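Please treat every number below as a calculation from the coordinates, not as lab data. Everything numeric in this text was worked out from a predicted model, so none of it was measured. Note that each Cβ is placed from the backbone with ideal geometry, even for glycine, and that neighbours are counted across all protein chains shown.
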Amino acid sequence: MGKNVVVVGGGPTGMWLACELRLAGVPTVVLEQDVDIDQHSRALTVHPRTIETLALRGAHGDLLAEGGRIPSGHFAVLDDRLDFRPLDTDFPFTLTIPQARTTELLQARAVALGADVRRGHRVTDCAATGAEATGGEVADGVVDGGEVAVSVQGPDGAYVLEAAYVVGCDGTRSLVRERAGIDFDGTRFTALGALADVVLADPPSGPVTSEWTTDGTLMLVPLSGGRHRIALHSPEDLRTDWPGEPTLEEIRARVRRIAGTDYGMHSPSWLSRYGNTSRLARHYRKGRFLLAGDAAHQHMPMGGVGLNVGVQDAMNLGWKLAATLQGRAGDALLDTYHDERHPVGADTIEHTQAQTALMAGFSPQGSALRSLLGKLIAQQPQLRDALAGRLSGLSVQYPPPGPHHHPLTGHRAPNLRLSDTEHLFDLLRDGRPVLVDFGRVDGLGTGGVDARTNRYRCPPGGEQSRPAWAAVSAALIRPDGYVGWASDETDPDALSAETGKAVAALHHPEPEHPEPERHHA
């Protein structure tokens, strides 16, 4: 069987997955049907956890340099915005940067790492081949002898690629998902929104303008080149039929109703409509087919979460897929991709649908609900911070294996200061897990720690002010920045034994789903 991966779809999700695979040395081809990167995209926002994700690989500098920083986010355009500054992160802000530019930066990194990026190459079919196509014998959780044949129409004609795995990052109408036979369950839209990229003769001041009235919801965000992005929701948008794309006159009239002015808008470069259709792939993996980003989940683009969830899907999948292909891990590790990210997709849909209900609550009852929730957020810092954590992506946790585990297991690790010159994120740039010895136990052995894992011992002077980490003797940090194992053990022999077991379990977790159903194509 080959050791290569074909990624279908060249958006931020596909490009970041290609970056991760190439960082591990996996031959990777990215197939994107569009010749040029689409300059008209709904996503403008890069959230704190996504900035952290890129920072884990040292790939965040250009985005920080180019993006506008906003230290807060919104929940359903309530008056009280969610403040990111109290969150435990080096990046307590969102970045406003067009998705097209994010894609350009990630594509440049993928190419520099050796990915074969083919734009203008449209996938027409993909199918399992060999034993897997006929339901052959399962060995170590994978059907022996299988590959995926990917049929492509390129500028110079049709051709076929053979891949060990194909990953669908090809959007809500994913061909990969369809060919894999994965159900895309959910609900059709009941509310619409309208977008317009325009020039404003009399723009409002400030980085973000938002307003909610019983006549509608309005958000304005400045773009580069003197343009503004307008997003609208109005009572007439509560419908189940599609009225076609909006006109500039429609946008003008609706903005005037909400804000009392149309800000002198003119020269539209993009007018679009979208809905709250919400669907979730039943499986993120089926045999040698995997899904990430919009191919796995569709939802209302509230708060710009879609791009961010997709990049974080790719981060979770990349190291697991590379380790499985290269024989450093068993197939059960690849199954944990679905187990960990499918609940995040479901949570994203719940989160965005709840916001849709609040934003589209134009009745007196809806207005009262918004007022009450806004007061609770203002009066309850814990509620405000919990919502900010969800929106930022920083609160995502993965279920720890087994009944006995440290409270930090499955949580994201912040950028811990390990010495006067080194922080945790610095140690993860090569994409390998890191065993951090906090220097609190003398004689900690390295049994079970092999070339798959970096090891770092904190020198004297390393300081941790976070209470949750105060007693931690050692921790195994996964390549995606989550805690795979931690211990407060103080006996060196016992801690060494725990460490060896933790490293082995990271690459060879106990299967949570022993039945073979999901492994067959």
Taking the chain as the reference, fit the longest principal axis to its C-alpha atoms, fit the long axis of helix 305-325 to the helix C-alpha atoms, and give the angle between the two in degrees, 0 to 90, nearest 10.
20
Can you work out the Karplus-derived ³J(HN,Hα) for every residue in segment 417-422? Use 6.51 cos²θ - 1.76 cosθ + 1.60 with θ = phi - 60°, whole Hz, and x for glycine or proline.
7, 9, 7, 5, 10, 10
Can you tell me how much longer the chain between Thr421 and Asp241 gets when fully stretched, taken as 0.36 nm per residue apart minus their C-alpha distance, in nm with one decimal?
59.0 nm
Let me have the 222 nm mean residue ellipticity of the chain computed from DSSP H runs of 4+ only, each contributing -39500 (n - 2.57), with the sum over all residues rounded to the nearest 500.
-9500 deg cm²/dmol
In bins 10 Å wide, starting from 0, what share of all Cα pairs of the chain does each bin hold, as a percent?
4, 18, 28, 25, 17, 7, 1, 0
Proxy reagent accessibility, fewest Cβ within 10 Å first, across Met315, Met219:
Met219, Met315
Round to a whole angstrom and tell me the spacing of the C-alpha centers of segment 271-310 and segment 350-381.
24
Lys pairs under 30 Å by Cα in the chain, provided they are eight or more residues apart or on distinct chains
6
Angle between the chain longest axis and helix 99-112 axis [Cα atoms, degrees, rounded to 10]
30
List the residues, sorted by chain then number, that are 5 or more residues from Tyr482 or on another chain and whose placed amide H is less than 5 Å from its amide H.
Ala413
From phi via Karplus (6.51, -1.76, 1.60), per-residue ³J(HN,Hα) for segment 431-436 in Hz, x at Gly/Pro:
x, 9, x, 10, 8, 9
Rg/Rh for segment 192-275, where both radii come from Cα atoms and Rh is the Kirkwood radius
0.94
For segment 270-278, in order, what is each residue's ³J(HN,Hα) by Karplus, 6.51 cos²θ - 1.76 cosθ + 1.60 with θ = phi - 60°, in whole Hz (x at glycine and Pro)?
7, 10, 8, 10, 8, x, 9, 3, 10
Taking placed amide H atoms and a strict 5 Å upper bound, the residues 5 or more places from Cys126 or on another chain that come that close are Ser151
proj_area_mean for segment 353-407 (convex hull on C-alpha atoms), units nm², value 5.5
Please give the length that would be gained between Gln365 and Gln382 if that part of the chain were fully extended, namely 0.36 nm times their separation in residues minus their C-alpha to C-alpha distance (nm, one decimal).
3.6 nm
What's the ranking of 415-424, 281-290 by average number of surrounding C-beta atoms within 10 Å, highest first?
281-290, 415-424
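Could you line up Asp79, Asp116, Asp241 from fewest to most neighbouring Cβ atoms inside 10 Å?
In increasing order of surrounding Cβ atoms, one gets Asp241, Asp79, Asp116.
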